[in-house]
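First comes the structure, then the notes that go with it.
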Amino acid sequence: MIYYVEDDANIRDLAIYTLRQSGFDALGFPDGDSFFRACSDRAPQAVLLDIMLPGKDGMQILEEIRRSPALCRVPVMMLTAKGSEIDKVMGLDAGADDYLAKPFGMMELVSRVKALLRRTQPGEAGESTRLQCGGVVLDTEAHKVFADGNAVTLTFKEFALLQELMQSRGHVLTRARLLESVWGWDFAGNTRTVDVHVQTLRQKLSEASADCGSLIETVRGVGYMIGA
């Protein structure tokens with residue numbers, strides 16, 4: 001189920017119609033209150049979220065989503081007339097998984113939604129769902145992380161970042177590579193969001209186990225890695 005929060009009824013109805021014609025279940029909401037009421041009944045697979053909304057704006061709604069235990073791992077795509085680079089960075093730093101500026105074509109929207117879901121769905125049947133590096137264990141299917149046996153609560157993006165690093169164990173990943181593979185974005189020179197997420201990820205691992213906090217290594221001038 002895809003939820004789209006947009007106060008412009010014409011845009012909302014057209015997007016919902018296109019998503020349904022493309023095989024998705026989709027519902028639209030004019031504001032944050034109606035959206036959260038629907039979430040209390042059924043959590044969505046993904047959220048499409050406008051920034052300029054009556055009442056709570058999109059950034060406030062995004063913050064609530066990321067604080068909610070039931071919704072924190074749901075992927076969110078920001079759909080907004082604000083297309084400047086700083087707005088993209090702010091949205092990604094706040095926990096958005098993708099960003100599409102208006103005006104956008106409906107087929108582009110469908111393509112981006114499909115790509116977002118591909119990046120966030122569990123692996124294929126038969127594929128190993130368990131990764132381990134040192135004392136850190138990550139289960140991709142259960143979406144759980146443990147540090148020396150202690151559960152670690154991560155946001156969706158922190159989980160994806162840790163998974164990318166663990167899958168590439170022994171290899172240095174540049175900030176640009178991580179930004180593209182984890183966030184789905186490719187804009188050079190604005191990689192602060194990667195550094196912020198690595199910092200919070202290290203902190204959470206360290207709180208669960210002091211030894212695991214140093215798992216992620218910084219390779220100066222290049223990026224990050226988890227040692228072999």
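Of note:
- Taking GluC sites (Glu not before Pro) in DSSP loop states with no more than 10 other Cβ atoms inside 10 Å as exposed sites, the chain has its longest site-free stretch at 1-123.
- Of the trypsin sites (Lys or Arg not before Pro) found in segment 1-85, those that fall in a DSSP loop while having at most 15 other beta-carbon atoms within 10 Å are Arg42.
- Principal-axis tilt of helix 192-208 within the chain, Cα atoms, nearest 10 degrees: 60
- Label-to-label distance for Asp211 and Thr129 is 2.7 nm, based on points extended 7 Å past Cα in the beta-carbon direction.
- Two-site label geometry, Met106 and Arg220: point separation in nm, points 7 Å out along Cα→Cβ: 5.5
- Per residue accessible area of the chain, 1.4 Å probe, in Å²: 48
- Computed 3J(HN,Hα) for segment 158-166, one whole-Hz value per residue from the Karplus formula 6.51 cos²θ - 1.76 cosθ + 1.60 where θ = phi - 60°, is 4, 4, 5, 5, 5, 4, 4, 5, 5, glycine and proline marked x.
- Within the accessible area of the chain, the carbon and sulfur atoms contribute 48%, probe 1.4 Å, all protein chains present.
The values are calculated or read from the model by the stated rules, or taken from the named source; none is laboratory data. What you are looking at is a predicted structure, and each value in this text was computed from that prediction instead of being measured. For neighbour counting, all protein chains shown are included, and Cβ atoms are generated from backbone atoms with ideal geometry for every residue, glycine included. Keep in mind that these areas ignore ligands, DNA and RNA; they rest on the heavy atoms of the full protein, side chains included. Shrake-Rupley method; radii C 1.70, N 1.55, O 1.52, S 1.80 Å.
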